[in-house]
1. When only residues in segment 72-101 that are more than 19 Å from the chain's Cα centre (by Cα) and surrounded by 11 or more Cβ atoms within 10 Å (Cβ to Cβ) count, which is nearest to residue 133 (Cα to Cα)?
2. Determine the pairs where a residue that is in the same structural domain as residue 230 (by TED's automatic domain parsing), located within segment 119-148, has a partner that is surrounded by fewer than 16 Cβ atoms within 10 Å (Cβ to Cβ) and among the small types (Gly, Ala, Ser) with Cβ atoms under 9 Å apart, the partner being 6 or more residues away or on another chain.
3. Testing residue 188 on (1) under 16 Å from the mean Cα position of the chain (by Cα); (2) in contact (Cβ under 8 Å) with a residue 60 or more places away in the chain; (3) within 29 Å of residue 76 (Cα to Cα); (4) buried (at least 19 other Cβ atoms within 10 Å of the Cβ), one condition comes back false. Which one is that?
4. If you check 79, 45, which single one turns out to be in the same structural domain as residue 142 (by TED's automatic domain parsing), aromatic (Phe, Trp, Tyr) and more than 24 Å from residue 150 (Cβ to Cβ)?
5. For segment 12-47, which residues satisfy the criterion of being within 24 Å of residue 59 (Cβ to Cβ), touching a Phe, Trp or Tyr at 6+ places or on another chain (Cβ under 8 Å) and without any contact (Cβ under 8 Å) to a residue 24 or more places away in the chain?
6. Closer than 26 Å to residue 81 by Cα, out of contact with any helix residue (DSSP H, G or I) (no Cβ under 6 Å at 6 or more places or on another chain) and surrounded by fewer than 21 Cβ atoms within 10 Å (Cβ to Cβ) - does that describe any residue in segment 205-217?
7. Please find, among 214, 270, the residue that is in contact with a Ser or Thr (Cβ under 6 Å, 6 or more places away or on another chain) and either over 26 Å from residue 175 (Cβ atoms) or not β-branched (Val, Ile, Thr) (or both).
8. Looking only at residues in segment 105-134 that are part of a loop (DSSP other than H, G, I, E, B) and polar (S, T, N, Q), which one is modelled with the lowest pLDDT?
Amino acid sequence: MIGKAILKHKSIDAAVIGEGEYTMLELVEKVEERERPANIKGVIYRKEGRIIENPPRNYIKNLDEIPFPAQNLLPMDLYGEYKGAIITSRGCPYSCTFCSKPVFGKTWRAHSPSYVLREKEELITKYKAEQISFLDDEFLLDRKRAEAILDGIIERRWKVKLYFWNGLRVDEVDEKILMKMKQAGCTTINYGVESVDPLVLKNIKKNITLTQIEKAVKIARKLGIKVNLFLMIGNPGDTYEHVEKIKRFLDKVEVDGVHLSMATPYIKTEF
């Protein structure tokens with residue numbers, strides 16, 4: 001997203017833009033051959049003082065062709081309680097103005113349930129993970145796929161805590177799916193709500209309501225799942241009164257934690 005800005009630092013010769021699996025592989029091969037990355041899609045590099053940006057690389061259609069992360073290359077013995085992480089899908093069809101979706105695009109792509117379960121099994125059996133975080137931007141978009149993953153976890157009776165870290169949408173959860181998540185070992189959910197001001201929610205194109213937020217929190221807590229909210233300050237339309245609204249809303253809706261961030265206009269976002 002910020003390739004040209006990064007290459008302003010003279011110590012950096014090249015950067016990968018977008019999905020990096022195949023781009024990085026080709027770039028390393030060029031480095032080993034002491035050649036410039038002139039024909040590698042998805043690379044921006046410096047040549048004779050000029051910054052050259054190659055054409056973008058197409059998004060990977062079949063995510064299952066990507067191998068599991070090579071965590072064996074890390075010094076796992078230096079970790080105490082190992083907490084694993086999984087990204088089971090990429091992309092998001094929604095239009096939130098602040099989001100980094102230009103990295104992975106609006107076209108949602110996902111690993112198959114069997115791939116996800118095999119990766120999770122590796123984290124548990126090989127690396128002894130005691131907690132696994134799901135880091136998808138949109139885990140629940142394909143409800144059937146999500147349920148298949150959760151059912152597979154339940155059937156295998158893995159005693160591992162699940163943490164949905166990256167922010168589930170409150171308009172996609174209900175008691176049925178949250179109950180299945182609980183049965184699969186989910187202990188904590190982060191809801192990406194961003195604001196509790198209807199005007200701000202409209203401005204950032206979040207397309208959720210305060211009623212949906214309250215309902216999603218209430219159901220999860222009733223099932224014994226801890227709930228944290230992602231909130232931002234500084235979005236278009238924000239005022240000091242919005243901060244007061246956050247305080248009043250949190251007094252009304254019981255949550256276990258809040259992640260409060262300053263809205264930041266990153267390159268290529270609509271913000």
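The values are calculated or read from the model by the stated rules, or taken from the named source; none is laboratory data. Note that the structure is predicted; figures quoted are calculated from it, not measured. Glycine gets a Cβ as well: all are built from the backbone with ideal geometry, and neighbour counts include every protein chain shown.
1. 82
2. Cβ pairs passing all conditions: 137/100; 145/112; 148/112; 148/114.
3. (4)
4. Values: 45 fails: in the same structural domain as residue 142 (by TED's automatic domain parsing).
Step by step, each of 79, 45 is checked, and only 79 is in the same structural domain as residue 142 (by TED's automatic domain parsing), aromatic (Phe, Trp, Tyr) and more than 24 Å from residue 150 (Cβ to Cβ).
5. Listed by number, the list holds a single entry, 37.
6. To start, the set of residues in segment 205-217 that are closer than 26 Å to residue 81 by Cα comprises none.
Taking every residue of segment 205-217 in turn, none turns out to be closer than 26 Å to residue 81 by Cα, out of contact with any helix residue (DSSP H, G or I) (no Cβ under 6 Å at 6 or more places or on another chain) and surrounded by fewer than 21 Cβ atoms within 10 Å (Cβ to Cβ).
7. 270
8. Initially, segment 105-134 is screened for residues part of a loop (DSSP other than H, G, I, E, B), giving 105-108, 111-112, 126-130.
Next cut, polar (S, T, N, Q) only: 107, 112.
On the way: 107: 91, 112: 99.
This residue is 107.
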